[in-house]
């Protein structure tokens, strides 16, 4: 039981770490800053000359919309989402997200990469 509990406690860290690794590599390839701190004390996942980008796995697209808009406002950049599509995903999270962005005419640029 203790081993299972320890594994469950470590799981969120490994997921977050993997997301951070994907974001860091992608951000640096775009010439961005993956350590930019906003005036509100939040960290933009990737700040480029044009975009303030929130990186999220596909299933967290709802959080990515809000965070990308917050980062854009805080940095005076355009909002962006790095949508990380997991290989094992069976649900079409991308089209769910795009429907919401289009329905409300949200000014968000979406970048898609495979995990």
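Listing for the model above:
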quantity	calculated
Conditions (1) within 15 Å of residue 110 (Cβ to Cβ); (2) in contact with a strand residue (DSSP E or B) (Cβ under 6 Å, 6 or more places away or on another chain): number failed by residue 62	(2)
Region 48-70, subset more than 11 Å from the chain's Cα centre (by Cα) and assigned to a helix (DSSP H, G or I), residue farthest from residue 96 (Cα to Cα)	70
Members of region 71-106 that are closer than 16 Å to residue 47 by Cα and outside any helix (DSSP H, G or I)	76, 77, 78, 79, 80, 81, 82, 83
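Bear in mind that the values in this text are calculations on the coordinates, not laboratory data. Source: prediction; values computed, not measured. All Cβ positions, even for glycine, are placed from backbone atoms using ideal geometry, and neighbour counts span all protein chains on display.
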